[in-house]
2 protein chains.
Amino acid sequence: MPIVECVPNFSEGKRKEVVDQIVEAIEKGGKIKLLDSRMDPDHNRAVISFVGEPEACLDAAFAGCNKAAELIDMDEQKGEHNRFGATDVIPFIPISDISLEECAELAEKLAKKIGDELKIPTYLYGAAAKNPSREVLQKYRTKSFQYEQLKEAIIEDPIYEPDYGPKELPKAGATNIGARQFLIAYNIYLDTTDMGIAKTIAKNIRHSGGGLRYIQAGAMKIEERNCVQVSMNITDFKGTPLNRVFDMTKTEAARFGVNVTESEVYGMIPLDALLEAAEYYLQLNSFERKQIIEKRIYE
Amino acid sequence: MPIVECVPNFSEGKRKEVVDQIVEAIEKGGKIKLLDSRMDPDHNRAVISFVGEPEACLDAAFAGCNKAAELIDMDEQKGEHNRFGATDVIPFIPISDISLEECAELAEKLAKKIGDELKIPTYLYGAAAKNPSREVLQKYRTKSFQYEQLKEAIIEDPIYEPDYGPKELPKAGATNIGARQFLIAYNIYLDTTDMGIAKTIAKNIRHSGGGLRYIQAGAMKIEERNCVQVSMNITDFKGTPLNRVFDMTKTEAARFGVNVTESEVYGMIPLDALLEAAEYYLQLNSFERKQIIEKRIYE
């Protein structure tokens, strides 16, 4: 069964009753599973995450966007977080039995539906971007170019022509809809207090330091354990699997006579990321995932 | 969500229409998932396997047993496989979120229900055995002690007093109901053709050879790959996890300068067995299974 995660961000982090109503709208269809809902008053933003089958997630995201447009007036809204609209971003993330490309198609379907039916302009970003300049959201929705600036630009500047919906901004603003890979927060603890060693390892394993393509890494001092940690984001666990970054960290640490004491997944992780590691280390080279009993139950 | 596997064996391996009706009865409630159904005419036996929540599996097994009692007359039945009754054995096997002890309780509940409602004598075996002499089914239901012998013994010999049901045999015979761990068929391929090496490794890793407690192992020549294999049954993967037997095999092989080229799960495997290996090799020592997104969906 294909499973997608959807993490819409709404421009409301102060009025709990507003966020509650949006969550209620998202859950109303009864076909998605809510994972998390949190509000940040300083950013004046709520981040809601849920999972389910692709169409159920599309319907739930649409319902949330519809409710947000009803309750949030962008002419009144202020906060630290850059934003285009009441529903500011809606990313779709592949979890299992679905590709990033299929999530991009789902994003486009939702962008069209929101544009057509709610009359809200939509911009496709990330893996769903049609325009290469929209691949990185943070490059076109910036501190100095937000809802207020988009208001005029969407009418006058062809660069800001939306992918779907009207060429003018309603009070709900515009919505960025995209697809991206699941991000795994992954940390590896070392049996040393030497931050220099952790920094060297972090530099060597990360993409920017000539290391692994989908790894961002830094060094952290962990006071309560009296040790250091290599702290990572894995931005595409299919591209750079956990086992590869774990083994490389171990190898780099060994050069200093340092050992890995533990690794840690911070937050959620898709099952496939762990299965990949089990298959790798056990050399299960001909294994098929359908041999897993639970896969047969939930297929 | 607790998930159990149930693998009832029926004394019918020739008349397809009979087995079809038993399968239909098992599936009728619509709450279990059929994994497999196979007939063996020589043994005159059918093995059906399905999974689901404990109560759903109990109901499905009861329905299958009821139908088999209606369609199979043990006075007529002949075959190579030792048997006590139309429904000969019903093992319950823990798959996820359930213990062996809970499966034993489920077995006893079914044994009572079949005894009381279908008037079929039931014997509890395996981890569900109340009488230690019934722990190993093959020790009390033998080539020389089957349905025909039980017919008199159940009336006259206190040793054969059933755990539940009448002290006489109906034409459906008696049913053995039990609980056991999931058995994983696991093979490790070596980059040598030397059977002596494979035999030594198999001996060293298996329980009977002073090796790992829940491992049965032998050596096999694999002609089509021009290599040898250590062929195993893991009788309790929680007691002896895959990673332990894999690593020990690698170590024993290294002593001969031999490498592991691949390992193989033959047939099905519970998810937990693979997660255990992923956590072990990645040193995910504080990991909680509820961090897996799919666990949240299907909980």
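Here are some conditions: (1) of a type outside the set (A, V, I, L, M); (2) within 12 Å of chain B (Cβ to nearest Cβ); (3) crowded, with 23+ Cβ neighbours inside 10 Å. Residue A:11 meets all but one. Which one does it not meet?
If we test residue A:11 against (1) of a type outside the set (A, V, I, L, M); (2) within 12 Å of chain B (Cβ to nearest Cβ); (3) crowded, with 23+ Cβ neighbours inside 10 Å, just (2) comes out false.
How many residues are without any contact (Cβ under 8 Å) to a residue 40 or more places away in the chain and touching an Asp or Glu at 6+ places or on another chain (Cβ under 9 Å) when one looks only at the stretch B:38-59?
Applying the first criterion (without any contact (Cβ under 8 Å) to a residue 40 or more places away in the chain) to the stretch B:38-59 yields B:38-39, B:41-44, B:46, B:55-56, B:59.
Then drop every residue that is not touching an Asp or Glu at 6+ places or on another chain (Cβ under 9 Å), which leaves B:39, B:42-44, B:46.
So the count comes out to 5.
Which residues, counting only those in the stretch A:241-274, are β-branched (Val, Ile, Thr) and over 20 Å from residue A:200 (Cβ atoms)?
Initially, the stretch A:241-274 is screened for residues β-branched (Val, Ile, Thr), giving A:245, A:249, A:251, A:258, A:260-261, A:265, A:269.
Scanning the stretch A:241-274 gives A:265, A:269.
Having 1 or more residues that are buried (at least 19 other Cβ atoms within 10 Å of the Cβ) and more than 8 Å from every other protein chain (Cβ to nearest Cβ) is the bar; report the strands (runs of 3 or more DSSP E) wholly within the stretch B:206-299 that clear it. So that I can check it myself, show each step before the final result.
Details: elements: B:215-222, B:227-234, B:260-266.
Filter on the stretch B:206-299 gives B:215-222, B:227-234.
Filter the stretch A:179-198 down to the residues that are among the small types (Gly, Ala, Ser) and over 10 Å from the mean Cα position of the chain (by Cα) and list them by number. Step through it out loud before you land on a result.
Taking the stretch A:179-198 first, the residues among the small types (Gly, Ala, Ser) are A:179, A:185, A:196, A:198.
Residues satisfying the conditions are A:185, A:196, A:198.
Only one of these conditions is not met by residue A:209: (1) under 18 Å from the mean Cα position of the chain (by Cα); (2) free of Cβ contacts under 8 Å to residues at least 24 places away in the same chain. Which number is it?
So residue A:209 meets the others, but not (1).
If you scan the stretch A:25-36, which residues turn out to be out of contact with any strand residue (DSSP E or B) (no Cβ under 9 Å at 6 or more places or on another chain) and either free of Cβ contacts under 8 Å to residues at least 12 places away in the same chain or of a type in the set (Val, Ile, Thr) (or both)?
The answer is A:30, and nothing else.
So, in the stretch A:7-66, of the ones that are among the β-branched types (Val, Ile, Thr) and part of a loop (DSSP other than H, G, I, E, B), which residue ends up farthest from the chain's Cα centre (by Cα)?
Pass one, the stretch A:7-66, residues among the β-branched types (Val, Ile, Thr): A:7, A:18-19, A:22-23, A:26, A:32, A:47-48, A:51.
Checking which are part of a loop (DSSP other than H, G, I, E, B) leaves us with A:7, A:32.
Numbers: A:7: 7, A:32: 17 Å.
Applying the filter and picking the extreme gives A:32.
Quick test for you: out of A:101, A:156, A:161, A:168, pick the one residue that is within 25 Å of residue A:79 (Cβ to Cβ) and not aromatic (Phe, Trp, Tyr). Lay out the reasoning, then the answer.
Values: A:101 fails: within 25 Å of residue A:79 (Cβ to Cβ); A:156 fails: within 25 Å of residue A:79 (Cβ to Cβ); A:161 fails: within 25 Å of residue A:79 (Cβ to Cβ).
That would be A:168, the only listed residue that is within 25 Å of residue A:79 (Cβ to Cβ) and not aromatic (Phe, Trp, Tyr).
Please work out which residue is nearest to residue B:298 (Cα to Cα), limiting yourself to the stretch A:272-299 and to residues that are aromatic (Phe, Trp, Tyr) and at pLDDT 95 or above.
Filtering the stretch A:272-299 down to residues aromatic (Phe, Trp, Tyr) leaves A:280-281, A:287, A:298.
Filter once more, keeping what is at pLDDT 95 or above: A:280-281, A:287.
Working: A:280: 26, A:281: 27, A:287: 23 Å.
Per the stated criteria, the residue is A:287.
Against the definition (in contact with a strand residue (DSSP E or B) (Cβ under 8 Å, 6 or more places away or on another chain), within 30 Å of residue A:234 (Cβ to Cβ), of a type in the set (Asp, Glu) and in the same structural domain as residue A:69 (by TED's automatic domain parsing)), how does residue A:116 come out, yes or no?
no
For the stretch A:74-178, which fully contained helices (runs of 4 or more DSSP H) count at least 2 residues that are buried (at least 19 other Cβ atoms within 10 Å of the Cβ) and in contact with a helix residue (DSSP H, G or I) (Cβ under 7 Å, 6 or more places away or on another chain)? Break it down into steps so the answer makes sense when it comes.
Numbers: elements: A:100-118, A:137-140, A:147-156.
Because the criterion is at least 2 residues that are buried (at least 19 other Cβ atoms within 10 Å of the Cβ) and in contact with a helix residue (DSSP H, G or I) (Cβ under 7 Å, 6 or more places away or on another chain), the helices (runs of 4 or more DSSP H) in the stretch A:74-178 that meet it are A:100-118, A:147-156.
The values are calculated or read from the model by the stated rules, or taken from the named source; none is laboratory data. These numbers were taken from a predicted model, which means no experiment stands behind them. FYI the Cβ positions are ideal-geometry reconstructions off the backbone, even for glycines, and counts take in every protein chain you see.
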